[in-house]
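All remarks here apply to the structure that follows.
The values are calculated or read from the model by the stated rules, or taken from the named source; none is laboratory data. The model shown is predicted, which means the values in this text are computed figures rather than measured ones. Note: ideal-geometry Cβ built from the backbone for every residue, glycine included; neighbour counts use all protein chains shown. The area values use the complete protein model at the heavy-atom level, side chains included, leaving out ligands, DNA and RNA. Shrake-Rupley method; radii C 1.70, N 1.55, O 1.52, S 1.80 Å.
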Amino acid sequence: MAQLPYPHPRTFLQQLFAALDQLGVNVHHMHLDHLCYRVSTAERYTQLRNALCADGELLAETMIGGRPIATFRLHAPIVHDGRSIHLVELPAPKPGSPYAEGWEHAEFVVNEDLPSFTQRYQQVNWDLSDLDKPVNADVRLRLGDMSVKFHRLALDEVIRREQAEGKA
């Protein structure tokens with residue numbers, strides 16, 4: 001694999017899977033849809049966006065919450081523990097909400113409705129605030145400085161549908 005313009009997510013993913021195992025949330029059969037890498041400045045966003053354009057295909061760059069979010073399909077996927085992760089999401093920082101640079105979240109696709117999924121894991125403190133989103137609703141687990149989201153559609157499928165409708 002080519003040199004990544006950001007640190008390999010190995011440690012992030014090890015910590016994420018360990019936290020999910022500790023909570024009893026089984027994700028081994030789920031598609032790990034994408035990873036999100038946060039940056040702290042607009043300049044770093046532009047720098048990393050340009051680097052990712054060389055390492056992958058820009059699927060979309062969309063204004064969400066007042067800032068651009070770019071999604072890339074990598075030419076060479078990130079491989080971790082038998083999983084191939086093809087998509088990386090890169091959000092520009094929100095004005096007035098700085099983030100430390102690094103891996104922030106992973107998203108998995110579930111093959112059932114989200115209320116049924118969360119009911120199976122009642123021991124978990126779910127963030128249900130995006131359960132009613134009109135496009136690709138999700139539920140989130142906050143795990144310290146990182147989080148994991150679960151949704152029904154893969155991000156590239158959402159992008160494909162929005163582009164077909166002229167929204168992306």
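Looking only at Cα atoms, what is the convex hull volume of the chain per residue, in Å³? Walk me through the intermediate numbers first.
Numbers: hull volume 20.4 nm³, N = 168.
Measuring per residue, one finds 121 Å³ for the Cα hull of the chain.
What residue among LYS149, LYS133, LYS94 shows peak mean-square fluctuation when the chain is described by a Gaussian network model with Cα springs under 10 Å?
Fluctuation is largest for LYS133.
Rolling a 1.4 angstrom probe over the protein chains, ignoring ligands and nucleic acids, what is the accessible area of ASP132 in square angstrom, nearest 10?
ASP132 has an accessible surface of roughly 140 Å² with all protein chains in place.
Given labels modelled 7 Å from the Cα in the Cβ direction, how far is it in nm from VAL27 to ARG67?
The answer from the label model is 2.2 nm.
Assuming 0.36 nm per residue, please report the length gained on full extension of the stretch LEU131 to GLN14 beyond their Cα-Cα distance.
On the way: separation 117, 0.36 × 117 = 42.12 nm, distance 2.68 nm.
Taking LEU131 through GLN14 to full extension adds about 39.4 nm, to one decimal.
Can you tell me the relative contact order of segment 50-132? Whole percent, Cα pairs under 8 Å, sequence separation 6 or more.
Values: 80 pairs, mean separation 15.2, N = 83.
In percent, rounded to a whole number, it is 18.
Leaving out ligands, DNA and RNA, what percent of the accessible area of segment 1-120 is carbon and sulfur, probe 1.4 Å? Provide the component values of the computation, followed by the final result.
Values: 2980 of 5850 Å².
Within segment 1-120, the accessible surface is 51 percent carbon and sulfur.
Quick one: grab the alpha carbon gyration tensor of segment 67-124, order the square roots of its eigenvalues as a ≥ b ≥ c, and give me rounded if a/c is under 1.5, else prolate or oblate depending on whether a/b is larger than b/c. Let's see the in-between values first.
Working: a/c = 2.23, a/b = 1.29, b/c = 1.73.
Oblate shape, in that a/c is at least 1.5 and b/c is the bigger or equal ratio.
Send over a whole-number figure in Å² for the accessible area per residue of segment 46-156, probe 1.4 Å. Display every interim value, and only then the final one.
Working: 5560 Å² over 111 residues.
It amounts to 50 Å² per residue over segment 46-156.
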